[in-house]
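The values are calculated or read from the model by the stated rules, or taken from the named source; none is laboratory data. Here the structure is a predicted model, which means the values were calculated and not measured. With ligands, DNA and RNA removed, areas are computed over all heavy atoms of the protein, side chains included. Shrake-Rupley method; radii C 1.70, N 1.55, O 1.52, S 1.80 Å.
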Amino acid sequence: MDHNAFENVTASVKLVIWDLDETFWKGTLSEEGIQPIAAHIDMIKELVDRGIMCSICSKNDFDEAKAALEKLGIWDLFIFPHIQWSPKGQAIASMVKGMGLRDENVLFLDDNHLNLEEAQF
């Protein structure tokens with residue numbers, strides 16, 4: 001993951017929202033399969049240990065994604081996961097509001113610039 005992506009983070013991060021395909025893991029779950037990225041798995045564990053919440057906003061089949069994350073032993077580390085074929089911007093706004101957080105305390109990680117722009121909007 002490009003560490004320059006974090007240079008604009010100025011507020012205290014309380015929640016990290018992960019996209020899954022080509023962000024959290026290599027590959028696409030519904031197509032060619034996935035390759036876990038050990039550093040990201042370790043990062044999730046470290047964030048949770050530090051009291052920073054982690055969630056998911058991914059366009060995937062919920063049951064398949066849950067099974068993959070359970071196999072990696074980290075499913076229980078994510079709160080309020082949004083895994084469905086719906087727009088991410090609305091889902092993230094709902095998650096942030098439902099958790100009582102401010103936008104500036106949330107970091108969304110996604111490989112698709114259109115999803116990032118939608119979430120920012």
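Here are a few things to note about the model shown:
- ³J(HN,Hα), Karplus 6.51/-1.76/1.60, whole Hz, each residue of the stretch 24-41, x for Gly, Pro: 6, 10, 7, x, 10, 4, 7, 10, 8, x, 10, 10, x, 10, 4, 4, 6, 4
- Accessible surface of the chain, 1.4 Å probe, proportion on carbon and sulfur as whole %: 50 percent
- Heavy-atom surface of the chain, accessible at 1.4 Å and reported per residue (Å²): 60 Å²
- Rounded to 5, the percent of DSSP beta bridges in the chain classed as antiparallel: 25 percent
- Mean ellipticity per residue at 222 nm, deg cm²/dmol - from DSSP H runs of n ≥ 4 across the chain, formula -39500 (n - 2.57): -10000 deg cm²/dmol
- Phi-derived couplings, Karplus 6.51 cos²θ - 1.76 cosθ + 1.60 at θ = phi - 60°, listed residue by residue for the stretch 48-60: 4, 4, 8, x, 9, 6, 10, 9, 10, 9, 9, 8, 7 Hz, with x used for Gly and Pro.
- Built amide H within the under 5 Å cut-off of C54, gap 5+: V16, I79
- Mean sequence separation of contacting Cα pairs (under 8 Å, at least six apart), scaled by the length of the chain, corresponds to a relative contact order of 31 percent.
- Derived value for the chain: Kirkwood hydrodynamic radius 14.6 Å. Basis is the mean of 1/r over every pair of different alpha-carbon atoms.
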